[in-house]
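The values are calculated or read from the model by the stated rules, or taken from the named source; none is laboratory data. Computed from a predicted model, the values in this text were never measured in an experiment. Counting neighbours? That spans all protein chains shown, and the Cβs are built from the backbone with ideal geometry, glycine included.
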Amino acid sequence: MTTIVRTDGLVKRYDGTVAVAGIDLEVGAGEIFGLVGPNGAGKTTTLRILATLLAPSAGDAEIAGMSVTRNPDQVRRVLGFMPDVFGVYDDMKVWEYLDFFARCYGIGPAERRRMIADLLDLVDLAGKRDAYVQTLSRGMQQRLCLAHALVHDPQVLLLDEPASGLDPRARVELRELLRELRNLGKTIVISSHILPELEELCTSVAIVDRGQVLAQGTVSDIERRLRFGSVLRVRLLLEGEDLERARARFAADPDVASATIMEDGTIEVGFRGDDAASARLLADSVAAGLPIISYARAASDLEELFLQVTAPDRPPLEAALGVHG
Amino acid sequence: MTDQPVDTQLTTAAPVSRRRRAIGFGRTAGGIAAIGVKELRGRMRGRRAFVIVTIYLGLLAGFAWMIGTLIAQGYSSGFGGSSAFASAAIGQGVFAALLMLMTLQVVFLAPAATAGSISLEREKQTLDLLAATPISSLAIVVGKLLSALVYLFLLIAASVPLMAIVFVYGGVGPEDVLRGYIVLVATALGLGSFGLFCSSLVKRTTAATAVTIFGVLAMTIGTAFVLIFWTAMGTFDNNGNRTGGPFGIRSPTLLAYINPFIAQADVMCGTETTFGAWCSAVNSLVPTQNGIIFTEEGAFEGPAVTMLRPHEADEEGADTATRRRG
């Protein structure tokens with residue numbers, strides 16, 4: 001897959017604080033790439049540098065082989081940007097809004113007419129063509145803003161928290177729309193701190209915190225690397241002291257980092273081993289006569305990964321990512 | 001890394017540079033048109049704009065009639081001097097009154113129309129959307145300026161037939177009217193650019209408007225006051241020539257160049273044959289005056305362009321203003 005967005009040691013300093021501390025990203029053409037991180041992680045700054053709205057303090061970024069610092073004008077032509085917070089012009093109709101941005105890209109009148117009709121169909125606003133922009137709902141404005149980023153048929157879309165402030169239905173609609181855009185061959189870089197939507201959508205993600213990339217790859221890839229810290233949930237037909245003895249038995253296993261009795265009576269086992277080790281632990285426990293009802297790996301979704309990786313004290317996981325990544 | 005110039009098929013250096021200039025000019029013109037169309041769609045929607053023009057012309061006509069009547073009354077009661085010149089005096093009086101009123105209107109309306117044009121984009125968070133397009137900063141600034149002023153220009157143009165009434169009385173030539181209108185348009189462009197500059201420099205519209213008003217007052221009342229004060233402090237010989245004073249012999253005539261009212265007084269002075277009131281006013285303030293022209297437009301527009309995408313003008317530091325969370 002050819003790389004279409006690349007950042008190379010991107011640094012952004014504001015007097016005294018460092019917003020981005022050396023971010024290296026590679027996004028392949030046609031990907032939906034998720035930039036995940038808590039507020040203040042440096043996602044917005046990174047996207048604004050890519051959108052040529054901010055100059056990096058050090059490092060550079062390329063979009064479709066063009067430097068955002070040296071060829072901002074050319075980069076703007078292959079790039080559609082939707083900021084996290086955006087306003088709409090008062091006293092402007094929906095079609096006029098798109099017409100204005102199309103003119104900014106120097107698109108001719110006939111093409112503008114055709115393109116506006118197509119885009120309004122795409123974002124499901126064809127019925128609102130003559131409505132005033134400020135009368136649209138938040139979700140509709142969000143879709144209109146996405147449409148504005150598409151007027152010049154860009155190769156790359158940068159979407160900063162596109163789902164923030166949307167109700168669940170609007171969020172689902174947005175997700176569908178992004179899938180459709182991906183099918184149209186667009187590369188989409190999307191930032192979010194709301195994870196479930198990215199997990200279903202993204203072909204790969206980068207987890208960003210404090211201006212640095214902590215992990216990058218496909219969701220399953222990151223998950224695999226994090227197996228090092230997977231969690232097993234074991235339910236036993238035991239109570240009280242018997243349960244405590246079972247916990248101590250699990251804790252004594254060389255592959256187990258921790259074993260805790262949860263409120264619902266299950267034992268949560270922090271497990272370091274691989275799948276074979278996990279099978280061995282189960283066999284040993286059954287052979288030792290523990291009445292096990294269920295024994296399963298806790299589903300490690302993106303949200304959990306995110307919480308693990310961005311935890312304030314960053315337990316050994318970060319080191320694991322650094323070493324094994 | 002590969003640079004991909006837009007027009008790679010061109011080989012020789014000179015045509016490339018000419019072609020690039022042409023493309024650049026075309027893009028800027030297209031950008032100005034884009035901004036202009038957008039702004040005017042909003043401003044000219046509905047009948048409001050045209051109702052205001054009608055009311056404005058009505059008020060202006062009433063004012064011209066009152067001034068003419070007042071001057072005529074002065075002559076009929078014998079206080080105005082020889083009635084042989086009454087008609088010319090009425091023409092000059094109406095011309096001066098209309099021109100000063102319109103200058104006052106331009107001085108207030110032009111900067112007011114532009115003082116919010118960039119800062120409002122910032123406040124409404126639409127500037128990012130615009131800055132992420134390839135539209136040039138120059139196109140944004142010029143488009144904003146022209147579209148903000150176009151309504152003012154409409155008012156000025158609508159007043160031309162009314163102003164032509166002075167030709168009925170005489171005393172004022174077409175070239176005087178033309179000079180007056182040139183100063184009006186230059187004032188609108190100059191103070192409009194000043195408002196735009198403040199709007200791009202100061203983040204908030206209210207603050208930008210306050211700075212603009214303060215600047216306009218300094219350019220009008222302030223400069224006139226300094227000149228009057230300077231003149232009053234001087235010493236003169238028997239012929240009325242300045243011989244000295246606490247601030248030196250030469251008056252700070254540059255100050256007069258940015259004052260549109262002194263410029264209009266100079267226009268009015270052109271209609272007077274000998275030692276009229278406007279000429280003596282101008283001469284007393286600016287002894288060396290010789291056709292004051294009002295040209296601060298370029299001085300303000302350049303800085304406004306650089307403030308739109310500050311990081312492109314100043315790599316480090318200047319863009320802290322656009323800093324956001326992330």
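Any residue in the stretch B:161-171 that is crowded, with 22+ Cβ neighbours inside 10 Å, modelled with pLDDT of 85 or more, over 14 Å from the mean Cα position of the chain (by Cα) and not in a helix (DSSP H, G or I)?
Checked the stretch B:161-171: no residue is crowded, with 22+ Cβ neighbours inside 10 Å, modelled with pLDDT of 85 or more, over 14 Å from the mean Cα position of the chain (by Cα) and not in a helix (DSSP H, G or I).
Would you confirm, using the coordinates I've provided, whether residue B:46 is out of contact with any Ser or Thr (no Cβ under 9 Å at 6 or more places or on another chain) and of a type outside the set (A, V, I, L, M, F, W, C)?
yes
Could you count how many residues in the stretch A:13-36 are touching a residue at least 60 places away in the same chain (Cβ under 8 Å), of a type outside the set (Asp, Glu) and touching a Ser or Thr at 6+ places or on another chain (Cβ under 7 Å)?
So the answer is 13.
I want to confirm something. Restricting to the stretch A:109-148 and keeping residues that are part of a helix (DSSP H, G or I), basic (Lys, Arg) and surrounded by fewer than 20 Cβ atoms within 10 Å (Cβ to Cβ), which single residue is modelled with the lowest pLDDT?
Ranking the qualifying residues of the stretch A:109-148, first place goes to A:138.
When residue A:171 is evaluated against the numbered criteria (1) assigned to a helix (DSSP H, G or I); (2) surrounded by fewer than 17 Cβ atoms within 10 Å (Cβ to Cβ); (3) among the charged types (D, E, K, R), which criterion, by number, is the only one it fails?
Among (1) assigned to a helix (DSSP H, G or I); (2) surrounded by fewer than 17 Cβ atoms within 10 Å (Cβ to Cβ); (3) among the charged types (D, E, K, R), residue A:171 violates only (2).
Would you be able to say whether some residue in the stretch A:75-84 is at pLDDT below 90 and part of a loop (DSSP other than H, G, I, E, B)? Explain how you work it out, then say what you get.
Pass one, the stretch A:75-84, residues at pLDDT below 90: A:84.
Still in the running and part of a loop (DSSP other than H, G, I, E, B): A:84.
Among the residues of the stretch A:75-84, at least one is at pLDDT below 90 and part of a loop (DSSP other than H, G, I, E, B), which makes the answer yes.
Just to be sure before I move on: is residue B:122 surrounded by fewer than 18 Cβ atoms within 10 Å (Cβ to Cβ), over 25 Å from residue B:263 (Cα atoms) and of a type in the set (D, E, K, R) in the structure I sent?
Numbers: surrounded by fewer than 18 Cβ atoms within 10 Å (Cβ to Cβ): no; over 25 Å from residue B:263 (Cα atoms): yes; of a type in the set (D, E, K, R): yes.
Considered against the rule, which asks whether it is surrounded by fewer than 18 Cβ atoms within 10 Å (Cβ to Cβ), over 25 Å from residue B:263 (Cα atoms) and of a type in the set (D, E, K, R), residue B:122 comes out as no.
In this structure, is residue A:19 within 12 Å of chain B (Cβ to nearest Cβ), touching a strand residue (DSSP E or B) at 6+ places or on another chain (Cβ under 9 Å) and part of a strand (DSSP E or B)? Break it down stepwise before answering.
Values: within 12 Å of chain B (Cβ to nearest Cβ): yes; touching a strand residue (DSSP E or B) at 6+ places or on another chain (Cβ under 9 Å): yes; part of a strand (DSSP E or B): yes.
Judged against the criteria, residue A:19 is a match.
Pull up the stretch A:80-103, narrow it to residues that are under 27 Å from residue A:31 (Cβ atoms) and at the interface with another protein chain (Cβ under 7 Å from one of its Cβ atoms), then point me to the one that is surrounded by the fewest Cβ atoms within 10 Å (Cβ to Cβ). I'd like the intermediate steps shown before the answer.
Taking the stretch A:80-103 first, the residues under 27 Å from residue A:31 (Cβ atoms) are A:80-86, A:98, A:101-102.
Filter again for at the interface with another protein chain (Cβ under 7 Å from one of its Cβ atoms), leaving A:81, A:83, A:85-86, A:101.
Values: A:81: 27, A:83: 25, A:85: 13, A:86: 19, A:101: 25.
By that ranking, first place goes to A:85.
Quick one: would you say residue B:209 is within 14 Å of chain A (Cβ to nearest Cβ) and either surrounded by fewer than 24 Cβ atoms within 10 Å (Cβ to Cβ) or farther than 28 Å from residue B:90 by Cβ (or both)?
Against the criterion (within 14 Å of chain A (Cβ to nearest Cβ) and either surrounded by fewer than 24 Cβ atoms within 10 Å (Cβ to Cβ) or farther than 28 Å from residue B:90 by Cβ (or both)), residue B:209 does not qualify.
Within the bounds of the stretch B:60-75, is there any residue that is modelled with pLDDT under 80 and farther than 30 Å from residue A:100 by Cα?
From the stretch B:60-75, those modelled with pLDDT under 80 are B:74-75; that's our starting set.
In the following step, the residues that additionally are farther than 30 Å from residue A:100 by Cα were identified as B:74-75.
Yes: the stretch B:60-75 contains one or more residues that are modelled with pLDDT under 80 and farther than 30 Å from residue A:100 by Cα.
Taking the stated definitions as given, is residue A:163 more than 27 Å from residue A:106 (Cβ to Cβ) and under 17 Å from the mean Cα position of the chain (by Cα)? Talk me through it step by step, then tell me what you get.
On the way: more than 27 Å from residue A:106 (Cβ to Cβ): yes; under 17 Å from the mean Cα position of the chain (by Cα): yes.
Yes.
Can you work out which of the residues in the stretch A:51-74 that are touching a residue at least 40 places away in the same chain (Cβ under 8 Å) and outside any loop (DSSP other than H, G, I, E, B) is farthest from the other protein chains (Cβ to nearest Cβ)? Break it down stepwise before answering.
Filtering the stretch A:51-74 down to residues touching a residue at least 40 places away in the same chain (Cβ under 8 Å) leaves A:51, A:54, A:56-64.
Then drop every residue that is not outside any loop (DSSP other than H, G, I, E, B), which leaves A:58-63.
Values: A:58: 10, A:59: 13, A:60: 8, A:61: 11, A:62: 6, A:63: 11 Å.
Top of the filtered list is A:59.
Name, by its number, the condition in (1) over 30 Å from residue B:48 (Cα atoms); (2) at pLDDT below 90; (3) out of contact with any strand residue (DSSP E or B) (no Cβ under 6 Å at 6 or more places or on another chain) that does not hold for residue A:87.
Looking at each condition in turn, residue A:87 falls short on (1).
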